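Novice: Could you have a look at this structure, given as structure tokens, before my questions?
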Amino acid sequence: MEGRIADAGNSPADEEQIQIRESSLRAHVLVIPLSIISVSHVMSAVLLSAKLAKQDITVTIFTDRYMLPHIHLLHAPEALQSLDIRLAIMNHDEWERELHEDWSRPFQDLYDVMRAAEPYFQNMASARSSGAAGLPTCVIADMFCLWAQILFDVVSIKYTSKFGRKRESELVYERNSFR
């Protein structure tokens, strides 16, 4: 209740509208790790998400249902809810892997995440155009999700790719900018 007048005599409907308005003003980050069979990427995303959530930022992690047990090892569902960390569980067609059996496992994983993200971003774009509140305002994607920038441009969301090693060009820029 910080920043609000306590016991202002608001009706339950008014309180609900106040909560909706306040939640739409909060920063909301969508975190996209390389989710399919890449436990280390997902665990890094969960740890980052918890740090962001402790800074009063709403976080949605785009992940796979197979990662839920691993995520819940770090944070129980109740803890995720109390931190305002949401899980967007991707739907992907596992049969599509058979179409690309000649691809190496990492490429199959990347393709699966990309294909699963397309409808999610289409839904987000239509929700944003209809004025829905509480949508992500920023995206942090795994550096291996190179396709992500295209989808983020569709929904006009700020994007950064910061998981894993930085590219040499980023390191050169950072070194030069602090001189």
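Readers should treat all values here as calculations from the given coordinates under stated rules, not as data from a laboratory. Fair warning: this is a prediction, and the values are worked out from it, not measured in the lab. Backbone-built Cβ (ideal geometry, glycine too); neighbour counts: all protein chains shown.
Novice: Using only the alpha carbons of region 26-74, determine the length spanned along each of the three principal axes and report them from longest to shortest in whole angstroms.
Specialist: 31, 17, 14
Novice: Within a 10 angstrom radius of the beta carbon, how do H41, H70, H75 rank from fewest other beta carbons to most?
Specialist: On the way: H41 23, H70 15, H75 18.
In order of increasing Cβ crowding within 10 Å: H70, H75, H41.
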